[in-house]
Number of protein chains: 2
Amino acid sequence: MNKVYTAEILGVGTELLLGNIVNTDARDISVMLSELGINVYWHSVVGDNPERLTESVEIAKKRADIIITTGGLGPTCDDLTKVVLARAFGLGLEFNEEAAERMRQHFAVLNKPMTENNLQQAYLPEGCTVFQNLWGTAPGCAFRAEGCIVLMLPGPPRECNAMFRHCAMPYLRSLSDETIVSHNIRIFGMGESSVEFKLRDMMNEMSNPTLAPYAKEGECMLRVTAKAHNEAEAERMMEPVIEKVRGVLGSVIYGIDSESLEETVFGLMRDRGVTLAVAESCTGGFMAKRITDMAGASKVFLGGATVYSDASKASLLGIDRALIAEKGAVSEEVAREMATKVREKLGADIGIGITGVAGPDTDGRHEVGEVYIALADKDGVYCRLFTLGKTRERVRLAAANNAFDLIRRRLTGLPMDN
Amino acid sequence: MNKVYTAEILGVGTELLLGNIVNTDARDISVMLSELGINVYWHSVVGDNPERLTESVEIAKKRADIIITTGGLGPTCDDLTKVVLARAFGLGLEFNEEAAERMRQHFAVLNKPMTENNLQQAYLPEGCTVFQNLWGTAPGCAFRAEGCIVLMLPGPPRECNAMFRHCAMPYLRSLSDETIVSHNIRIFGMGESSVEFKLRDMMNEMSNPTLAPYAKEGECMLRVTAKAHNEAEAERMMEPVIEKVRGVLGSVIYGIDSESLEETVFGLMRDRGVTLAVAESCTGGFMAKRITDMAGASKVFLGGATVYSDASKASLLGIDRALIAEKGAVSEEVAREMATKVREKLGADIGIGITGVAGPDTDGRHEVGEVYIALADKDGVYCRLFTLGKTRERVRLAAANNAFDLIRRRLTGLPMDN
């Protein structure tokens with residue numbers, strides 16, 4: 001793959017056009033194609049209609065080197081992607097016995113009868129490379145015809161995503177004698193424009209590896225991508241780049257290829273055998289929810305108190321009501337007490353306290369977005385006032401993010417003041 | 001609008017093609033267009049590239065009656081949607097003083113200087129209807145040319161969504177001497193296929209109003225849509241349909257036009273002056289998080305305990321450790337105690353206790369997906385064992401949903417066993 005290919009992702013499904021679901025397949029495949037260095041120039045969506053699907057394929061054939069379809073591979077009469085695509089490229093369909101056998105086994109394991117229409121899914125364009133579906137029933141496939149590379153994947157996001165990564169990416173890589181490898185440098189506490197400003201000269205000078213910034217919700221990310229003859233060579237090429245970025249950005253980098261800030265923090269705590277308890281006011285359980293989204297959370301997370309009222313701060317955590325009356329529920333003193341008491345109550349190594357104004361109403365003393373976050377551990381209590389934005393959603397997200405980041409800083413010996 | 005129009009939604013932005021963001025604008029607009037009875041036949045996305053955008057507009061002109069663009073209306077040189085669209089339809093751009101003045105005021109309120117490039121946003125296609133942006137800076141617009149109706153909206157989802165609802169929908173309605181009004185019947189506790197089965201004959205017989213089912217995450221929805229000469233007439237036509245659906249489906253309908261189950265429950269509690277406290281184990285704060293997502297949550301939600309460990313069940317809520325040892329943390333007895341104790345501790349009218357196995361690991365006694373949910377109030381404690389699915393994400397979502405639904409049933413005097 002020494003030429004730079006252009007790709008179109010063509011979603012097939014009336015449910016997308018009705019707005020029943022959002023097209024996450026196009027997003028996920030775009031991210032994976034960018035890892036391969038393939039340019040995505042078009043996303044398109046059509047319904048389960050053979051004429052309009054045929055027209056869309058004709059348009060895609062003219063403008064893209066690679067056409068990737070998602071959806072319409074299932075067993076019902078609405079599922080017409082394979083039929084239409086095969087016809088558009090003058091190919092017949094042939095029965096794939098392995099795919100059929102996998103379907104029979106799939107239903108046997110579920111102990112459900114398989115209706116005959118399921119076998120429709122085993123008919124695939126003649127001569128294609130079959131992508132067996134280990135995550136569902138409908139197989140995908142790839143073929144080359146009329147100067148195009150065509151890939152078809154099932155629509156359900158979990159199947160589409162897994163099959164693209166495990167089947168389509170190796171297929172696309174095999175078309176090339178070069179390997180493309182990339183790493184994601186995850187950053188919290190510095191905006192995209194600052195990251196770009198600090199690294200602009202470096203980015204502009206580079207061609208292989210490349211370095212590109214991506215905005216993420218409440219944080220940002222840099223992707224390093226290298227092309228080489230093999231993976232080891234690509235890794236060797238990226239190593240000095242990652243080191244240089246670390247040198248420039250320092251402690252705002254929370255992980256390389258980490259899924260999220262909470263995943264990094266969870267890993268740090270698990271590896272060090274550190275336990276956590278959280279007392280949340282304005283975040284209202286959001287931090288606890290994010291930790292417990294992860295399988296195995298109970299290894300580090302002991303529990304939390306969502307103390308949304310003054311009374312609950314007293315009754316659940318034993319915070320002095322007089323202190324709350326004197327200093328206010330949103331105050332450094334109360335944040336410190338929340339972190340200290342929840343740590344003591346649950347016998348955790350680290351206690352977090354979060355109290356602030358998520359809005360739209362204020363407490364009359366603070367602006368919307370002012371949030372105190374405290375971290376208590378065996379050495380004492382750290383607390384800081386953050387100013388985090390103007391909308392409820394944004395304030396709650398940023399407050400939880402900053403609390404996770406404080407834990408990361410404490411556990412890795414970084415300065416607490418970013 | 002007596003003919004049925006077809007629409008194409010054209011997203012403009014390289015960030016969509018890179019997979020940095022998912023195209024929620026197309027989803028949101030599709031939902032709103034279906035409320036208007038307009039058929040969406042195509043979604044497409046192109047990057048910030050004038051040639052490819054021009055080509056996409058030419059394709060859309062040929063096949064759609066209505067073209068709706070999202071994105072590319074901002075102040076930077078990447079923002080070229082207006083220039084390209086105006087050129088494609090042979091129109092010039094003209095300066096809109098009201099839009100410029102609104103921008104100046106927007107920056108004045110923020111107390112930030114306005115750079116000159118912002119005024120670019122005030123140039124709009126000649127003769128267009130301007131959609132002033134009350135949610136950001138870039139105005140949108142609509143015009144008719146060459147047999148097409150063209151609408152342009154800004155890309156940020158909050159702005160796009162609000163402007164479509166408040167500016168574009170009235171514009172599209174004004175093209176017609178008919179009014180289309182719809183209501184969403186929200187359903188929890190009955191799957192889409194059962195709903196469809198029970199209502200199939202009724203749905204097939206109807207043409208105006210229409211009744212259509214939509215799958216939602218963990219629940220389902222029916223939309224009733226009527227076309228009439230005015231809104232009052234449309235409402236009169238829908239009334240007997242909604243009544244009939246109520247008669248067939250009964251208590252699984254939790255709201256008409258409610259945003260979510262938690263919104264319905266929050267409204268019921270607020271109106272009745274009822275307060276809530278929650279004790280969560282496997283949902284890990286997810287229920288608390290969903291209530292506190294809503295502004296004004298503190299009127300009903302006093303707080304919660306996320307008791308993820310046995311020790312925290314004892315230390316935060318005072319549950320007898322011997323009971324946990326004897327019955328197991330996942331048991332009816334512990335769920336009942338959680339609901340009772342959290343209600344007492346926080347002085348709430350209703351206490352909820354949730355304990356179960358979200359997976360992937362089990363406690364050795366229960367399958368993944370088995371969850372006990374208890375509701376305590378002045379009359380005693382109700383508790384039931386639910387079986388909720390196989391994946392962690394699904395189990396946690398369904399557990400929180402069912403807990404909200406139990407509160408709804410209790411407050412409205414419905415049977416607790418669905």
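The values are calculated or read from the model by the stated rules, or taken from the named source; none is laboratory data. None of the values given here were measured: they were computed from a predicted structure. In this analysis, Cβ positions are derived from the backbone assuming ideal geometry, glycine residues included, and neighbour counts consider all displayed protein chains.
Remarks
- Scanning the range A:36-61 for residues that are at the interface with chain B (Cβ under 10 Å from one of its Cβ atoms) and more than 24 Å from B:M221 (Cα to Cα) yields A:N39, A:V40, A:Y41, A:W42, A:H43, A:S44, A:N49, A:R52, A:E55, A:S56, A:I59.
- The set of residues from the range A:107-136 being of a type outside the set (A, V, I, L, M, F, W, C) and in contact with a Gly (Cβ under 8 Å, 6 or more places away or on another chain) comprises A:Q121, A:P125, A:E126, A:N133.
- Some residue of the range B:301-320 being within 24 Å of the chain's Cα centre (by Cα), more than 8 Å from every other protein chain (Cβ to nearest Cβ) and at pLDDT 95 or above: no
- If you check A:T355, A:T283, A:T340 for being in contact with a Cys (Cβ under 8 Å, 6 or more places away or on another chain), of a type in the set (S, T, N, Q), closer than 17 Å to A:R384 by Cα and assigned by TED's automatic domain parsing to the domain that holds A:R394, only one passes: A:T355.
- Of all the residues in the range A:155-166, those that are of a type outside the set (K, R) and surrounded by fewer than 22 Cβ atoms within 10 Å (Cβ to Cβ) number 6.
- Meets criteria (buried (at least 24 other Cβ atoms within 10 Å of the Cβ) and in contact with a helix residue (DSSP H, G or I) (Cβ under 7 Å, 6 or more places away or on another chain)) for A:V22: no
- Some residue of the range A:232-243 being under 25 Å from the mean Cα position of the chain (by Cα), at pLDDT below 90 and not assigned by TED's automatic domain parsing to the domain that holds A:V265: no
- Restricting the first member to the range A:100-116 and to residues that are closer than 21 Å to A:V130 by Cα, and the second to residues that are hydroxyl-bearing (S, T, Y) and at pLDDT below 85, the beta-carbon pairs closer than 6 Å and six or more apart or on different chains are A:M103/A:T137; A:H106/A:T137.
- Every residue from the range A:1-33 that is part of a helix (DSSP H, G or I) and more than 9 Å from chain B (Cβ to nearest Cβ): A:T14, A:D25
- The numbered conditions (1) among the aliphatic types (A, V, I, L, M); (2) touching a helix residue (DSSP H, G or I) at 6+ places or on another chain (Cβ under 8 Å); (3) at pLDDT 95 or above; (4) outside any helix (DSSP H, G or I) are all true for A:A295 except (3).
- Taking the criterion of being buried (at least 24 other Cβ atoms within 10 Å of the Cβ) and either farther than 19 Å from A:S312 by Cα or among the acidic types (D, E) (or both), the residues of the range B:269-283 that qualify are B:E280, B:C282, B:T283.
- The single residue among A:L73, A:L134 that is buried (at least 20 other Cβ atoms within 10 Å of the Cβ) and not in a strand (DSSP E or B) turns out to be A:L73.
- Any pair with Cβ under 9 angstrom, 6 or more apart, that starts in the range B:269-286 at a residue that is at negative phi and facing chain A (nearest Cβ under 10 Å) and ends at one that is assigned to a strand (DSSP E or B) and charged (D, E, K, R): B:F286/B:E280
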